[in-house]
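Below: one structure, written as structure tokens.
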Amino acid sequence: MDPDERKLVEDARRGDPTAFRELVKRNQRRAYAVCLGMVHDPDDAKDICQDAFVKVHKNLATFEGDAQFFTWLYRILMNLCIDHLRKRRGERVEFDDERADAEASDDTGISPRRTGFDPQRALADKELRGQLRAALAKLPAVHRTVLLMREVEGLSYQEMADQTGCSIGTIMSRLFHARKKMQKLLLDAADSGKN
């Protein structure tokens, strides 16, 4: 852990609210990205992040400081995400058409916001995003986790191992199987789209 972060943790342990706010500020964006990648719902992701930071605040005294602060936070986030997904198992997460439309057009909803906007390309991108989200949602949590850590967050195998508490070999194996499953799901989706 870098010295600056270590000092923030120590100050927060002693009850300094400014230090804890700074820890939250430094980690909230990344925490939210992890949650959103797991649960696919912005509101649920925000709620889980808030719950995680409450848990961190309550249990800060138990953080030993052997690992990075985010590694500890990450484990809390993942446990909360997995609990959340277990509770809503079977519920489908749909693509947010309103948000995509708002991003693609002006206030009237008619003309594109940016020049060079290609409606056909935008539709294809929208369909691809939907297929990716649907495929990700079908992956087991352990496979979805390593795939997001590697492909979205860009973590190294060592960072992934540190954050999950698994060996590098296990991470590599899970990532291999996650990519294979993802590839099959996307190919199946493409084949069903042709019919």
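For K58, state whether it is modelled with pLDDT of 75 or more, under 20 Å from the mean Cα position of the chain (by Cα) and charged (D, E, K, R). Judged against the criteria, K58 is not a match.
The set of residues in the range 138-157 being surrounded by fewer than 20 Cβ atoms within 10 Å (Cβ to Cβ), assigned to a helix (DSSP H, G or I) and more than 12 Å from the chain's Cα centre (by Cα) consists of K138, V142, Y157. Candidates in the range 18-51 are the residues that are out of contact with any helix residue (DSSP H, G or I) (no Cβ under 7 Å at 6 or more places or on another chain), part of a helix (DSSP H, G or I) and acidic (D, E); of these, the one that is farthest from D4 (Cα to Cα) is D43. Could you check, for the range 71-94, whether at least one of its residues is of a type in the set (F, W, Y), farther than 27 Å from A134 by Cα and modelled with pLDDT of 85 or more? Within the range 71-94, one or more residues are of a type in the set (F, W, Y), farther than 27 Å from A134 by Cα and modelled with pLDDT of 85 or more. Among the residues of the range 51-79, those identified as exposed (fewer than 15 other Cβ atoms within 10 Å of the Cβ), over 23 Å from P140 (Cα atoms) and not basic (K, R) are V54, H57, N59, A61, T62, E64, G65, D66.
Going by the conditions given, is F176 among the aromatic types (F, W, Y), over 24 Å from W72 (Cβ atoms) and at pLDDT 70 or above? Answer is yes for this residue. Criterion first (part of a helix (DSSP H, G or I) and closer than 14 Å to V39 by Cα) does A161 satisfy it? Judged against the criteria, A161 is not a match.
The values are calculated or read from the model by the stated rules, or taken from the named source; none is laboratory data. The shown structure was predicted, so the numbers you read here are calculated from the model rather than taken from an experiment. Please note: Cβ atoms are built from the backbone with ideal geometry, for glycine as well, and neighbour counts cover all protein chains shown.
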